[in-house]
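Remarks on the structure that follows.
The values are calculated or read from the model by the stated rules, or taken from the named source; none is laboratory data. Everything quoted here is computed from the prediction, not taken from an experiment. Positions of Cβ are backbone-derived with ideal geometry, glycine not excepted, and every protein chain shown enters the neighbour counts.
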Amino acid sequence: MGTVRVQAEDFDAAAEARLIAAGRVDVGALVTFVGLCRDEGGRLAALEIEHYPGMAEAEIARVVASAQARWPLLGVTAIHRFGALAPGAQIVLVAVAAAHRGDAFAAAEMLMDYLKTQAPFWKRARRADGGLEEWVEAKSSDDAMAARWRSSGSP
Amino acid sequence: MKAVYFAWVRERVGKNEEALEPPAEVVTVGDLIAWLSRRGEGYAHAFERPRVIRAAIDRAHVGHDARIAGAREIAFFPPMTGG
């Protein structure tokens, strides 16, 4: 259960969310998160996102499975894009359906925290001033966010 | 086994992937990183801070203490920055 896609193409977040709940009458909460490419105050021209084909899908599926083991979810869709993305472009979608909002919010947040630190994607920033391209550094704050879910009991 | 490299590890090594035949004394992922870092300048640069390097065996994350025996594909990459 759950939909995982890794793709270059854009996605329609509203349509993906509607799909999860379509035809169901037990969904009381539908949380959709979309991560977008920021321009970093005008300094960033584009992000290049590299991924590990095969492992990216498998790792997102593992993260989805652990969320499903932890909360009573009625549907999950996770989509991550790769390739060149301009400021304003959508990068990642997490949509979670549950009977109650607490489970849906928590699962969506855990999914994003784990996607950022566990799914094999790497961002490279292309600067607006034409300067050197730089690999985006992993943030310890992202690791700390992901660690919260481990300290409160594994799924 | 096949080694695959991503992001700045790939750039520093100078290739996307290659076949490796490490000697028998290379038992763990950490041993393999140390062995690779002696293969030339690019490798030395890629693996100069071994603790930063993440690894996966057959497309699942592993620690540096994981044994490489039986691995078909071993990947090396920097900490992930997706999402």
A:LEU30 passes all but one of the listed conditions (1) at pLDDT below 95; (2) assigned to a strand (DSSP E or B); the exception is number (1)
Being of a type in the set (Lys, Arg), within 14 Å of chain A (Cβ to nearest Cβ) and either touching a helix residue (DSSP H, G or I) at 6+ places or on another chain (Cβ under 6 Å) or farther than 26 Å from A:ILE49 by Cβ (or both) narrows it down to one of B:ARG38, B:ARG59, so name that one. B:ARG59
Selection status of A:GLU16, surrounded by 13 or more Cβ atoms within 10 Å (Cβ to Cβ), within 21 Å of A:TYR114 (Cα to Cα) and in contact with a Lys or Arg (Cβ under 6 Å, 6 or more places away or on another chain): no
Looking only at segment A:63-91, count how many residues are within 14 Å of chain B (Cβ to nearest Cβ), in contact with a His (Cβ under 9 Å, 6 or more places away or on another chain) and either among the acidic types (Asp, Glu) or closer than 29 Å to A:ASP26 by Cα (or both). 1
Residues located in segment B:33-61, provided they are buried (at least 16 other Cβ atoms within 10 Å of the Cβ) and assigned to a strand (DSSP E or B): B:ARG54, B:ALA55, B:ALA56, B:ILE57, B:HIS61
Single residue of A:VAL25, A:VAL76, A:VAL31, A:VAL64 found to be touching a residue at least 24 places away in the same chain (Cβ under 8 Å) and surrounded by fewer than 20 Cβ atoms within 10 Å (Cβ to Cβ): A:VAL31
Go through (1) free of Cβ contacts under 8 Å to residues at least 12 places away in the same chain; (2) exposed (fewer than 13 other Cβ atoms within 10 Å of the Cβ); (3) of a type in the set (Gly, Ala, Ser) one by one and return the number of the condition B:ALA19 breaks. (1)
Among the residues of segment A:104-122, is there at least one that is in contact with a helix residue (DSSP H, G or I) (Cβ under 9 Å, 6 or more places away or on another chain), farther than 25 Å from A:GLN7 by Cα and more than 14 Å from chain B (Cβ to nearest Cβ)? yes
Please state which one of A:GLU59, A:GLU48 is modelled with pLDDT of 95 or more, crowded, with 21+ Cβ neighbours inside 10 Å and within 11 Å of chain B (Cβ to nearest Cβ). A:GLU59
Would segment B:69-77 turn up any residue that is surrounded by 12 or more Cβ atoms within 10 Å (Cβ to Cβ), touching a helix residue (DSSP H, G or I) at 6+ places or on another chain (Cβ under 9 Å), without any contact (Cβ under 8 Å) to a residue 24 or more places away in the chain and outside any loop (DSSP other than H, G, I, E, B)? no
Selection within segment A:118-141 - closer than 30 Å to A:ALA21 by Cα and surrounded by fewer than 21 Cβ atoms within 10 Å (Cβ to Cβ): A:GLN118
Under 19 Å from A:GLY83 (Cα atoms), within 14 Å of chain B (Cβ to nearest Cβ), without any contact (Cβ under 8 Å) to a residue 24 or more places away in the chain and not polar (S, T, N, Q), is that true of A:GLY54? yes
